[in-house]
1. Check Ala58, Ala123, Ala92, Ala109 and return the single one that is of a type in the set (Gly, Ala, Ser) and closer than 21 Å to Ile16 by Cβ.
2. Exactly one of these conditions fails for Arg59: (1) in a helix (DSSP H, G or I); (2) at pLDDT below 95. Give me its number.
3. Could you say whether any residue in the stretch 78-85 is at negative phi, surrounded by fewer than 20 Cβ atoms within 10 Å (Cβ to Cβ), among the β-branched types (Val, Ile, Thr) and in contact (Cβ under 8 Å) with a residue 12 or more places away in the chain?
4. Could you please let me know if Cys54 is in contact (Cβ under 8 Å) with a residue 24 or more places away in the chain, crowded, with 16+ Cβ neighbours inside 10 Å and either under 20 Å from Leu67 (Cβ atoms) or among the hydroxyl-bearing types (Ser, Thr, Tyr) (or both)?
5. Among the residues in the stretch 101-108, are any at pLDDT 95 or above, assigned to a helix (DSSP H, G or I) and touching a helix residue (DSSP H, G or I) at 6+ places or on another chain (Cβ under 8 Å)?
6. Regarding the stretch 79-88, can at least one residue be identified that is polar (S, T, N, Q), within 22 Å of Cys42 (Cα to Cα) and over 14 Å from the mean Cα position of the chain (by Cα)?
7. Against the condition more than 24 Å from Ala114 (Cα to Cα), modelled with pLDDT under 90 and small (Gly, Ala, Ser), how does Ala23 come out, does it pass?
Amino acid sequence: MVRLKAPHQFGKTSLINLLLGHAQDYDLRTAVVSMQAIDRRCLVDIDQTLRWLCAVVARALGLPNQLDQRWDSLFGGSYSCTDYFETYLLPAADQPLLLVIDDLDELFAYGDVATDVLGMLRAWYERRSGAGQNLWPQLRLAIAHSTETWLPLNLGNWIATGSGDKTARIWRPDGTLVAPWLLPSVVTVRRWGG
């Protein structure tokens, strides 16, 4: 998982575009979801939010919407969304999927929905290392949000754009610096604080 964290208008979209360019170089399928595009009425209900997410990703991948056949509200939104990815979106092709969720901070005004979505994303990340017939390593997840918001999702690598100089710095959640494995030609890595 990659987190892009920077103030508004500070280059997150440019980094996302670079990620997408590199994803094409590695023959990854891509889906970009901007949380600014979701209707506010959907955000008050976790099922509606996650059905919207699934439909947008399916459309980005050129797949027909199969939510009516595959969604079971008896199990709840997070389970149904996870199952949709696991049984439909991920196995639809042999190539891994880069899912970019931009403007994730749009969710934070909707506390319960945000908690459930972030919990589901954490579960997806943790499933990557599970045993057995596991499709989750095929999912590459990148999320972007502004620094003005709090994000209770401490996992994966994250990228924070620099202050003032617009260079990117990449750290793990534990604060250790990591190599710019995803954007080697455009990222300048510096030590924390300078």
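1. Only one candidate passes the filter, namely Ala58.
2. Unmet for Arg59, out of (1) in a helix (DSSP H, G or I); (2) at pLDDT below 95: (2).
3. Looking for residues that are at negative phi, surrounded by fewer than 20 Cβ atoms within 10 Å (Cβ to Cβ), among the β-branched types (Val, Ile, Thr) and in contact (Cβ under 8 Å) with a residue 12 or more places away in the chain, one finds at least one in the stretch 78-85, hence yes.
4. Details: in contact (Cβ under 8 Å) with a residue 24 or more places away in the chain: yes; crowded, with 16+ Cβ neighbours inside 10 Å: yes; either under 20 Å from Leu67 (Cβ atoms) or among the hydroxyl-bearing types (Ser, Thr, Tyr) (or both): yes.
So Cys54 fits the description; yes.
5. no
6. So far as the stretch 79-88 goes, yes, one or more of its residues are polar (S, T, N, Q), within 22 Å of Cys42 (Cα to Cα) and over 14 Å from the mean Cα position of the chain (by Cα).
7. yes
Conditions tested, residue by residue: (1) closer than 19 Å to Trp124 by Cβ; (2) surrounded by fewer than 16 Cβ atoms within 10 Å (Cβ to Cβ).
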| site | (1), (2) |
| --- | --- |
| Leu4 | yes, no |
| Pro7 | no, yes |
| Val32 | yes, no |
| Val44 | no, yes |
| Gln48 | no, no |
| Gln66 | no, yes |
| Trp71 | yes, no |
| Leu74 | no, yes |
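The values are calculated or read from the model by the stated rules, or taken from the named source; none is laboratory data. The structure displayed is predicted, hence computed values, not measured ones. Cβ: placed from backbone, ideal geometry, glycine included. Neighbour counts: every protein chain shown.
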